[in-house]
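**Q** Take a look at the following structure, please.
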Amino acid sequence: MKKITSLRVEQLRPVSKDCLLIFLEKPNNFSYQAGDCVDISFPDALHLGKQTYSFASSPHDQILMLAFKKGYSEFKHRLEALKSGDILQATQYGSNFIFDSKIPSVMIAGGIGITPFRSMIKTRLMECPTVRTILLFQNKTQDFPFYSELSQWQKEHSSL
């Protein structure tokens, strides 16, 4: 049986024109790996089911971050309407990624799929900042999630 964890919303912020970033309070003893994801649901609307989102935050961060693309579904509209103090339910279960911050990487992403790579890159820069990382990214527009942050990291770290 999967453990259900309540996560309190800190804030919701745009991360690009059509994507939002949810900041969540990180519960004590909540652990995950860079690149992991969780199933998210609304405790008062279980009929909406759950959806899977990758962590944008690094496991080293004191807050959890999830990014999502705006959409037309009732689930996405509920996410867009989140306010500080709202509660989400999360089932922690990991991912298919195998990430070792000590091994050089080529990462390929598109659109909101950049989210787990932001987590992995930040983790690598904190743990092994000299390990070579190449990120190949494609998006429909120049306005994509984490662009300014990734650009800044690239200026600061010749390994990226």
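**Q** Nearest 10 degrees is fine. How inclined is helix 115-127 to the longest principal axis of the chain, computing both from alpha carbons?
**A** Its long axis makes an angle of about 50 degrees.
**Q** Shape call for the range 11-75 from the C-alpha gyration tensor, a ≥ b ≥ c root eigenvalues: rounded (a/c under 1.5), prolate (a/b greater than b/c) or oblate?
**A** oblate
**Q** To continue, here is another question. Around Glu25, with a cut-off of 9 angstrom between Cβ atoms, what is the net charge of the other residues, counting Lys and Arg +1 and Asp and Glu -1?
**A** Net of charged neighbours comes to +1.
**Q** Going out from 0 in 10 Å bins, what whole percent of all Cα-Cα distances in the range 85-160 drops into each bin?
**A** 17, 47, 28, 9, 0
**Q** Probe radius 1.4 Å, ligands and nucleic acids ignored: give me the carbon and sulfur share of the accessible area of the chain as a rounded percent.
**A** Carbon and sulfur together cover 51 percent of it.
**Q** Running a GNM on the chain with Cα contacts under 10 Å, which residue among Pro59, Pro27, Pro116 ends up with the highest mean-square fluctuation?
**A** Highest fluctuation of the listed residues: Pro27.
**Q** Could you run the Karplus curve 6.51 cos²θ - 1.76 cosθ + 1.60 with θ = phi - 60° over the range 66-78 and give me ³J(HN,Hα) per residue in whole Hz, x for Gly and Pro?
**A** Running phi through 6.51 cos²θ - 1.76 cosθ + 1.60 with θ = phi - 60° gives 10, 10, 8, 8, 4, x, 9, 6, 4, 4, 5, 4, 5 Hz.
**Q** Let me ask you something else. Distance between the C-alpha centers of the range 73-113 and the range 1-46? Whole Å please.
**A** Taking the Cα centre of each part, the range 73-113 and the range 1-46 sit 8 Å apart.
**Q** May I ask you to derive the relative contact order of the range 59-160, considering only C-alpha pairs under 8 Å and at least 6 residues apart, and to give it as an integer percent?
**A** Result for the range 59-160 is 27 percent.
**Q** Would you check the accessible area of Thr5, probe 1.4 Å, heavy atoms only, in square angstrom rounded to 10?
**A** Around 20 Å² of this residue is reachable by solvent.
**Q** Counting Lys and Arg as +1 and Asp and Glu as -1, each charge on the Cβ, what is the dipole of the range 31-160 about the Cα centre in debye, to the nearest 20?
**A** Dipole of the range 31-160, to the nearest 20 debye: 300 debye.
**Q** Shifting gears a bit: Considering the chain as a Gaussian network with a 10 Å cut-off on Cα pairs, which listed residue, Lys50, Lys140, Lys17, attains the greatest mean-square fluctuation?
**A** Lys140
**Q** What whole-number value in cubic angstrom gives the convex hull volume per residue for the C-alpha atoms of the chain?
**A** Normalising the Cα hull of the chain by residue number yields 116 Å³.
**Q** Residues of the range 46-83 with backbone nitrogen within less than 13 Å of a virtual label 7 Å along the Cα-to-Cβ line of Asp143, please, listed as ranges.
**A** 70
**Q** Heavy-atom accessible area per residue, the chain, 1.4 Å probe: how many Å²?
**A** Result: 56 Å² of accessible area for each residue.
The values are calculated or read from the model by the stated rules, or taken from the named source; none is laboratory data. It should be emphasised that the depicted structure is a prediction, and the values quoted were computed from it without experimental measurement. Ideal geometry is used to build each Cβ from the backbone, glycine not excepted, and the neighbour counts take in all protein chains shown. Remember, those area values only see protein heavy atoms, side chains included, never the ligands or the DNA or RNA. Shrake-Rupley method; radii C 1.70, N 1.55, O 1.52, S 1.80 Å.
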